[in-house]
Each structure stands twice: as C-alpha cells, then as structure tokens.
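What follows is a set of notes on a single structure, which appears directly below.
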Amino acid sequence: MATKEKEKKGGSKGGKKGGEAKARGPHAGAGLPVPPPRLKGFYNETVRLRLAQQFGFKNPHEVPQLEKIVINVGVGEAIKQPKALDSVVDELAIITGQQPVRKKAKKSIANFGLRQGQEIGAAVTLRGARMWEFLDRFISVAIPRIRDFRGLGTKSFDGRGNYSLGVKEQMIFPEINYDSIDSIHGMDITFVTSTNRDDQAFALLKELGMPFRTDEKKGQGRGQAA
C-alpha cells in the first residue's frame, strides 16, 4: 500500500512538472487599433511645414516626401555555398519585418564560377508603415550602435534626390542575436524620395533625424554608415 501511495504521489508531482504549460492569453494590446508610425506623424505635423517654409512651396504636393526604402544584400559565398543565402534572407526578414526577394544573376561569369539564374543576393522594398517604422528604428536605435560613428556622409546623393549608404555589419540592428548568426555581412540601403533635387532630399532626411556630417559638402559618391 505504501508503495502504491508513493507511486501516486510521484506521478502527481511528475504530472505537475512534466505537464503542458497553461496557454498564455493575448497580450494587453490585442484588439486595439495599430498606432500610426511615430516618425510619419512627426513628418506630417512638423517636417512638411519646415520644408515648405525653407523652399517656398505654395502647393503642399510639392513638398518632398519619402517614397520607399530599398535594402540590398549581396552574398558572394552563395556561389559555392547556396545555403549561406538562407541565413541572410532570414536575418533580413527579421530586421525589416517583410519577406525578402531572392535576387538572381542576370548573366554568367566564368571567372567567378557564376551561372545565369543563380541566386546571389536578397532585397527588400519597404513602403508605407513598414518604411516609417524601419527608418525610425534605424535612426533611433541602429545608428547609435555603430562603432566609432562620426556621422553619415553627405556625398552619396545620386543627383536625382535619392540617398544611399552602406552598412558593414547587420549586428547594429538589435533584432539580430549575435550568438545565432553564421557570418557577418553588410547591406546597402537606398532612400528614395519624391523630389529630383539633392538639396531638397538632404533637407528632408536631415529634418527626419538623419545624423549627417557637418564638415562635408553634398556631391557625388558613396557613403558608409558602419
């Protein structure tokens, strides 16, 4: 009898420890409307008025705005190790919150062992709320994590109102866990605006909080963020 009672007690204890955990309920914000992006509200309430006064715009549709953000990652190792691209795609999806598109080679290059149609990179095009949320996190969280950061270069405008920069390490984004990455890689980020003038695009990005260097003049070239 004592043995059976011990087995019952042991079974009950094991059932508590090994049993399934209670399912968690919805989070506190479930069912509530999604708040608009913080940086978009700042643009509509403050930046638009400042740009209109600075450039003398009378028509509100003339005020430059951010149209999209394009993020590209080239993976040269994918030529010999196709699985290397999988981790890059996963990390890019975590950073942007959107599934990347795998990019294929347009032509074959024998010297590099590259075949036409082979996947060698990934890209994401952000618009709308995801674009504003990414820009907000990039300015407020990612850029301050860059080592020895001295400001973004101002020589990376393409002459048509678009700005590009290069990031050397994906680890500046807090969404990436250092212990779970396979390799360190960079990315190219392009900010596409509605204007075709570099000075207006510069003013737009600066008003949104982009930390540009003050000792450089705007011109042609390519900037590096990290």
In region 187-204, which residues are in contact (Cβ under 8 Å) with a residue 24 or more places away in the chain and surrounded by fewer than 15 Cβ atoms within 10 Å (Cβ to Cβ)?
N196
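If you go through region 160-173 one residue at a time, how many are open to solvent by less than 70 Å² (accessible area, probe 1.4 Å) and in a loop (DSSP other than H, G, I, E, B)? First the steps, then the outcome.
The initial filter retains those residues of region 160-173 that are open to solvent by less than 70 Å² (accessible area, probe 1.4 Å), namely 161-167, 169-173.
Next, only the ones that are in a loop (DSSP other than H, G, I, E, B) stay: 161, 169, 173.
Counting residues in region 160-173 that are open to solvent by less than 70 Å² (accessible area, probe 1.4 Å) and in a loop (DSSP other than H, G, I, E, B) gives 3.
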Give me the pairs, please: first residue somewhere in region 111-133 and small (G, A, S), second residue anywhere and at pLDDT 80 or above and in a helix (DSSP H, G or I), beta-carbon distance under 6 Å, and either six or more positions apart or on two chains.
A122/V88; A122/V89; A122/L92
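Every residue, every condition in (1) exposed (fewer than 13 other Cβ atoms within 10 Å of the Cβ); (2) small (G, A, S); (3) in a loop (DSSP other than H, G, I, E, B); (4) at pLDDT below 80, yes or no:
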residue	(1), (2), (3), (4)
P82	no, no, yes, yes
V88	no, no, no, no
K106	yes, no, yes, yes
N111	yes, no, no, yes
D136	no, no, no, no
T154	no, no, yes, no
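Yes/no matrix, rows are residues, columns are (1) modelled with pLDDT of 75 or more; (2) open to solvent by 40 Å² or more (accessible area, probe 1.4 Å); (3) farther than 27 Å from R137 by Cβ; (4) not acidic (D, E):
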residue: K22; (1), (2), (3), (4): no, yes, yes, yes
residue: L32; (1), (2), (3), (4): no, yes, no, yes
residue: L51; (1), (2), (3), (4): yes, no, no, yes
residue: N59; (1), (2), (3), (4): yes, yes, yes, yes
residue: Q65; (1), (2), (3), (4): yes, yes, no, yes
residue: G74; (1), (2), (3), (4): yes, yes, no, yes
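The values are calculated or read from the model by the stated rules, or taken from the named source; none is laboratory data. Just so you know, these numbers come straight off a predicted model, no measurement behind them. Glycine also receives a Cβ, built like all others from the backbone with ideal geometry; neighbour counts cover every protein chain displayed. Accessible surface areas use protein heavy atoms only, side chains included; no ligands, DNA or RNA. Shrake-Rupley method; radii C 1.70, N 1.55, O 1.52, S 1.80 Å.
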